[in-house]
1. Give the residues of region 302-351 that are closer than 25 Å to SER203 by Cα and among the small types (Gly, Ala, Ser), sorted by residue number.
2. Kindly provide the set of residues from region 40-70 that are polar (S, T, N, Q) and free of Cβ contacts under 8 Å to residues at least 60 places away in the same chain, ordered by number.
3. Given the conditions (1) on the phi > 0 side of the Ramachandran plot; (2) open to solvent by 20 Å² or more (accessible area, probe 1.4 Å), which single one is not true for SER68?
4. May I ask you to list pairs of residues, at least six apart or on different chains, whose Cβ atoms are under 6 Å apart, with the first in region 23-39 being part of a loop (DSSP other than H, G, I, E, B) and the second being not aliphatic (A, V, I, L, M)?
5. Name the residues in region 40-65 that are in a loop (DSSP other than H, G, I, E, B) and surrounded by fewer than 19 Cβ atoms within 10 Å (Cβ to Cβ), would you?
6. Regarding region 101-114, can at least one residue be identified that is more than 14 Å from the ligand (Cβ to nearest atom) and over 15 Å from LEU26 (Cβ atoms)?
7. Checking HIS11 against (1) modelled with pLDDT under 95; (2) open to solvent by less than 60 Å² (accessible area, probe 1.4 Å), which single condition isn't satisfied?
8. For region 262-322, list the helices (runs of 4 or more DSSP H) that sit wholly inside it and hold at least 1 residues that are in contact with a His (Cβ under 7 Å, 6 or more places away or on another chain), buried (at least 22 other Cβ atoms within 10 Å of the Cβ) and at pLDDT 90 or above; which are they?
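The values are calculated or read from the model by the stated rules, or taken from the named source; none is laboratory data. In this text the structure is predicted, and so the values were computed from the model without any measurement. Reconstructed Cβ throughout: ideal geometry from the backbone, glycine too, with neighbour counts over all protein chains shown. The accessibility values were calculated without ligands, DNA or RNA, using every heavy atom of the protein model including side chains. Shrake-Rupley method; radii C 1.70, N 1.55, O 1.52, S 1.80 Å.
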Amino acid sequence: MNSFLDINLGHKKYPIYIRKGLIDELGTEIRKIYGGSKIAVITDENLNCLYGGRLFPALKAAGFEASSIVLPPGEKSKSFDTLLGIYDSLIDSGINRSHLIVVFGGGVAGDIGGFAASTYLRGIPYVQVPTSLLAQIDSSIGGKVAVDLKQGKNLVGSFYHPKAVFIDPELLKTLDKRFLYDGLAEAIKYGCIRDKKLFLALSDYNTIEELNESMEYMIHSCCTIKKELVEKDEKDTGARMLLNFGHTIGHAIEKYFNYEKYTHGEAVAIGMHMMTRFSEDLGMTRAGTAEAIRNILCKYNLPHCIDIDDTSKIFEGIKLDKKNVGDHINIVVLKEIGDAEVIKTSTDFIKEKFDFAAITRN
Ligand SMILES: NC(=O)c1ccc[n+]([C@@H]2O[C@H](COP(=O)([O-])OP(=O)(O)OC[C@H]3O[C@@H](n4cnc5c(N)ncnc54)[C@H](O)[C@@H]3O)[C@@H](O)[C@H]2O)c1
């Protein structure tokens, strides 16, 4: 299977290629869209160790002179300190606006590498080569790039789209299982909000091998939904908000546990299940939907509830969500699997109607 999608924003258009083994053809593929000589690769230590021996020869074979900027793995690298180091390395390597940045990694390298590209010399071209499932189906598409501040995640960033996105599903074979499941939470989210067939397919796989065989279909389905929503609403003020299903509660949970206990996908998993239980109780969602979500989360080792004593803290986190406007909050509610809507409501309504103690129950 050789999939291709085009993101068309009107003012900018770029391709997404999805193909097994693409890493070995990256030099040739990049040559088709970039006529220059120098490339700066931004990656992390794990990926450099696993794939540097294939990536750099592929670039060299196509005539590129590639330098590398290798970050320590993990969220801590998405900081201003790291960013300053990236700028230093770009200057040391003589990278200018006629050159290209290749971001090779998960969402962390993608976000900080993309942000470096958007700001260095007021913006230089870059391509995304996402390597984690989360990055392949979500963070590499849509142009959101950012770094964290000590006050919170993604607080400084921009919308800056790559020249192209190259997705090689085979790279996922070396991804730690916890990160695979983490990304699957986002895939389940896409099924919930827009694609019942994808949700059912994910429910039906019996083994990780079966899932792996269908990985390209799954990535393609998720990217198609993200493409459609980003094209409708590039700056995240309307339809794109559907992608936040499970995220309002999820962010509050991540924050409550200081980003240490749950990965982003795990927190979103709990958020999707809890939000659907609330909306089902309020008669907004078809009966049985929360149970279907709970079953699929269990199947992929994802949590669906948390164990805390003071559930009011979760409400506090929801109140402080950076996407709230005044007392208003946009929540994403499923009518049923595959059909979601954004509802504008108030934090008071959430406080009154949502049974936060239920977050700790099975
Ligand atoms: N920009 C967006 O739209 C957007 C959307 C969602 C999430 N994000 C951001 O994405 C980040 C999380 O991304 P992530 O989960 O990919 O984290 P990550 O980049 O830290 O990758 C997770 C781990 O997996 C390793 N890894 C990645 N690919 C691998 C592979 N093929 N084989 C072996 N190991 C591999 C990495 O080295 C790292 O240790 C967060 O900072 C989040 O804010 C951004």
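1. Once the filter is applied, which keeps residues that are closer than 25 Å to SER203 by Cα and among the small types (Gly, Ala, Ser), region 302-351 yields GLY338, ALA340.
2. Pass one, region 40-70, residues polar (S, T, N, Q): 43, 46, 48, 67-68.
ASN46, ASN48, SER67, SER68 - these are the residues of region 40-70 that are polar (S, T, N, Q) and free of Cβ contacts under 8 Å to residues at least 60 places away in the same chain.
3. Result: SER68 fails condition (1) only.
4. So the pair list comes out as GLY36/SER98; GLY36/HIS99; SER37/GLU65.
5. Result: ALA62, GLY63.
6. For region 101-114, residues more than 14 Å from the ligand (Cβ to nearest atom) and over 15 Å from LEU26 (Cβ atoms): absent.
7. Looking at each condition in turn, HIS11 falls short on (2).
8. Counting at least 1 such residues, we get 264-281, 289-299.
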